[in-house]
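Heads up, the thing below is written out as structure tokens.
No value in this document is a laboratory result; all are computed from the given coordinates. Since the model is a prediction, treat every value here as computed from it, not as a measurement. Neighbour counts run over all protein chains shown; Cβ positions are idealised from the backbone, glycine included.
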There are 2 protein chains.
Amino acid sequence: MTQYRIGLLAFPAMTQLDLTGPLQVFAGLPNAETHVLWKTLDPIKTHGGLTLVPDTTLADCPQLDVICVPGGTGVLDLMDDPEVLSFLRTQATEATFVGSICTGALVLGAAGLLRGKKATTHWAWTDLLVPLGAIPSEGRVVRDGKFMTGGGVTAGIDFALTMVAELAGQDIAESIQLGIEYAPAPPFESGSPDTARPEILAAVRTRMTSTRVEREARVAKVAAAMA
Amino acid sequence: MTQYRIGLLAFPAMTQLDLTGPLQVFAGLPNAETHVLWKTLDPIKTHGGLTLVPDTTLADCPQLDVICVPGGTGVLDLMDDPEVLSFLRTQATEATFVGSICTGALVLGAAGLLRGKKATTHWAWTDLLVPLGAIPSEGRVVRDGKFMTGGGVTAGIDFALTMVAELAGQDIAESIQLGIEYAPAPPFESGSPDTARPEILAAVRTRMTSTRVEREARVAKVAAAMA
């Protein structure tokens, strides 16, 4: 008996851990059916050396209980992709939860789904939520009604455990956490801009400069079309 | 200029996050070339709803600086697979680091590589390291010379950040940690047998009963052949 249909969008140049972290958590949920979704079933080259194969096309996807959108450099094109935005809007209407990890929130925002909603995204991009109508909020996982957004990349694991607890109860979430031995022990304290050394933060921001220019322009264009 | 060649073994019924977590970390390492390795380049169905595509066959794999073996139910067959064990032994001779995540340590052990070495694996299987000649040791990431072993599933992220710091220095590891926003905030304290509620631990152990019978038998067989 399938109790939960959970779909995760896959797309070229996505950050694979945004999807694979939550997917591993959802795999431990009894009676769940997961879908890795894209326009076609052709293999997808992600950012970071992994090629993965979707199992369900957007056209063939059943109504989901949970739809999640990962992030990565590929979100740039998704933000004004009518097929993807329309798919997300349609699924969101009946879904129990609509989620994003990392910059996947920009895609939900571009679909008009985060208007007036509290949300988060990767720490470097929270300001871009504003022109899309969302309210940037503190928290590794932010919930506003049926919308649940996670921070950058590895936040997807916290996001998915939180989601499982909402769907199926805390006992099941705790069992999954134990199964994946999620007792994190980062070797350094560099995981957020508040704790990273200033020179590390500066170097990472510098590397993001060209991406920022592109994303700001795309968000402005999308926001103008939404107005 | 490629400074680091890093290979991660992929195989049927692996736990995908054992590979995808470290791979995302390694993707941030400048001048690194990553390889997702298996006997063929055919898509592989992993445990937990992800199909991934290897990019390099074992036969075509160059000498690696780092070779990593993930875990999962598929390790059962790897433990007496001559092609895989021979590949690992050959790579291990010249590699700078030989690593495992989760029950991948049982494969390194079956290859005879952990004899007399301190090692760890997923919390539920540490006792199985003993017949393979390893010395089970406390720690989410355990290093003994060139051998670095990580705990269960999500430990792969800590493992890979530790590995990057060893290879390329702490600054680069900290930059990657910030890029993937690895400031974990698990919603529950259930990630290890020491912190999980007793009834959760008991339930997870019960679910592992049949896997335990199979793995104990395979480890005993492999250990007898090694003696």
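Think of it as helices only: each DSSP H run of n ≥ 4 in chain B is worth -39500 (n - 2.57), and spread over all residues that comes to -11500 deg cm²/dmol at 222 nm. The ranking of B:LEU78, B:LEU58, B:LEU161 from fewest to most other beta carbons within 10 Å of each one's beta carbon is B:LEU58, B:LEU78, B:LEU161. Compactness of the stretch A:130-227 is given as radius of gyration and Dmax, 17.3, 46 Å, from Cα positions.
Could you list B:PHE159, A:PHE26 so that the one with the fewest beta carbons within 10 Å of its beta carbon is first and the one with the most is last?
In order of increasing Cβ crowding within 10 Å: A:PHE26, B:PHE159.
The per residue volume of the convex hull around the alpha-carbon atoms of chain B is 121 Å³. Considering the protein assembly as shown at the alpha-carbon level, its Rg and Dmax are found to be 21.1, 73 Å. Here B:ASP194 yields copy-to-copy label distances, from shortest upward, of 2.5 nm, the label point defined as 7 Å from Cα along Cα to C-beta.
For the stretch B:79-135, what ratio Rg/Rh do Cα atoms give with a Kirkwood hydrodynamic radius?
Working: Rg = 10.6 Å, Rh = 11.3 Å.
On the Cα set of the stretch B:79-135, Rg over Rh gives 0.94.
Exposed loop sites, defined as GluC sites (Glu not before Pro) outside DSSP H, G, I, E and B with at most 16 other Cβ atoms within 10 Å, are absent from the longest region of chain A, namely A:1-137.
Each 5 Å bin from zero holds the following percent of Cα-Cα pairs in the stretch B:74-188: 2, 12, 21, 22, 19, 12, 8, 4, 0. With its label point defined 7 Å out from Cα along the Cα-to-Cβ axis, B:SER137 lies at 4.5 nm from the matching points of the other copies, in increasing order.
The alpha carbon centroids of the stretch A:95-143 and the stretch B:168-227 are separated by 31 Å.
List B:LEU17, A:LEU37, B:LEU8 from most exposed to least, where exposure is judged by having the fewest other Cβ atoms within 10 Å. Show your work: numbers first, answer last.
On the way: B:LEU17 32, A:LEU37 25, B:LEU8 29.
With the fewest neighbours first, B:LEU17, A:LEU37, B:LEU8 line up as A:LEU37, B:LEU8, B:LEU17.
Considering all alpha-carbon pairs of the stretch A:1-122, what whole percent are spaced by more than 27 angstrom?
9
The DSSP beta bridges internal to chain A are antiparallel in roughly 20% of cases.
Taking a straight line from the alpha carbon of B:LYS221, these aspartates and glutamates sit under 19 Å away, with near neighbours fewer than eight places off in the same chain left out: B:ASP77, B:ASP80, B:ASP81, B:GLU83, B:ASP127. For the peptide B:9-17, the mean number of other protein chain Cβ atoms found within 10 angstrom of a residue's Cβ is 3.
Take A:ARG205, push a point 7 Å out from Cα through the beta-carbon direction, and compare it with the same point in every other copy: 5.1 nm, smallest first. In order along the stretch A:128-142, the phi-based Karplus estimate (6.51 cos²θ - 1.76 cosθ + 1.60, θ = phi - 60°) of 3J(HN,Hα) comes to 6, 5, 4, x, 8, x, 8, 10, x, 9, 5, x, 6, 9, 10 Hz; Gly and Pro are listed as x.
Counting only Cα atoms, the size of the stretch B:111-169 along its three principal axes is 35, 22, 19 Å, in decreasing order.
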